[in-house]
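Every read-out reported here was derived from the displayed coordinates using simple, explicitly stated rules and does not represent laboratory data. What you see is a predicted model, and the numbers here were worked out from it, not measured in a lab. Here the Cβ is made from the backbone with ideal geometry for all residues, glycine too, and neighbour counts use every protein chain on show.
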Amino acid sequence: MNKLEYFKDLETASKKACAVVKRAAEKALKTRGWFSLAISGGTTPRKFLSILSHEKDIAWQKTRVFLVDERLVPTNSPESNLGQAQKLFLDHVPIPREHVYAPQTDMPPDQSAEAYEKQIHAVFNQKLPVFDIIHLGMGTDGHTASLFPGSPHLEEKYRLAVGVPPIGNPALPRVSMTFPLINAARIVFFLLQGEQKAAIIEQISHGQSRLPSARIQPKRLLYWLLAK
């Protein structure tokens, strides 16, 4: 099921995103006793991560946080998704450090992706892990995670994570979750802002897009949260 919601500003959309995360956490903790959350980087999620860092009603000690994708740069780099997540969110909630999972940035992309895939498998102990909720962004070129137009990884059927050669802005090597893993999640939500993103969503909603973001088709629930 797809849900498309529009918001007057990014703060309001980010608050809704936090509410969606909170509900998912409550259900997961009652059902399974722990909660899995995957987050993305970029500029748009900063408000969301900041608001989430003040959420007191989530059992953070029973939460495991993963990165959807990462640029292979040191954590103290402004381009690091993990660095941003730590500064805005992770350093402010009582999540055990061993419950935060991210690609290793000191090895080549393919090796880092293989190691990250092993981490994910070890946590879930499933052939195809099912996250409680995954947060995504989208570029003006329609890419999501680090899955860009024209990439051979768009056709990946089996891997959970893949190494991505230098691409994007800035052009850096990356590791990204794949469509099979993302689409297996119980809930996926996009948090987006701006008219360009609205136009892409319009194309996707009418089945008129072959962009990477159009391939996000979870079997359960997909939210599009769009701010002006």
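A few remarks follow.
- Members of region 157-187 that are touching a His at 6+ places or on another chain (Cβ under 8 Å), surrounded by 18 or more Cβ atoms within 10 Å (Cβ to Cβ) and closer than 21 Å to residue 140 by Cβ: 164, 176
- Neighbours by Cβ (under 6 Å, 6+ apart or cross-chain): first from region 89-104, surrounded by 19 or more Cβ atoms within 10 Å (Cβ to Cβ); second in a loop (DSSP other than H, G, I, E, B): 89/53
- Residue ID - farthest from residue 184 (Cα to Cα), chosen from residues in region 144-156 that are touching a residue at least 12 places away in the same chain (Cβ under 8 Å) and surrounded by fewer than 17 Cβ atoms within 10 Å (Cβ to Cβ): 149
- Scanning region 196-228 for residues that are within 23 Å of residue 14 (Cβ to Cβ), within 20 Å of the chain's Cα centre (by Cα) and basic (Lys, Arg) turns up 197, 220.
- Scan region 115-143 for residues that are touching a residue at least 40 places away in the same chain (Cβ under 8 Å), in a helix (DSSP H, G or I) and not hydroxyl-bearing (Ser, Thr, Tyr) and the total you get is 4.
- Cβ-Cβ contacts under 8 Å between residues 6 or more apart (or on different chains), taken from a first residue in region 75-86 that is over 14 Å from residue 43 (Cα atoms) to a second residue that is not in a loop (DSSP other than H, G, I, E, B), are listed as 75/82; 75/83; 75/86; 76/83; 77/71; 77/83.
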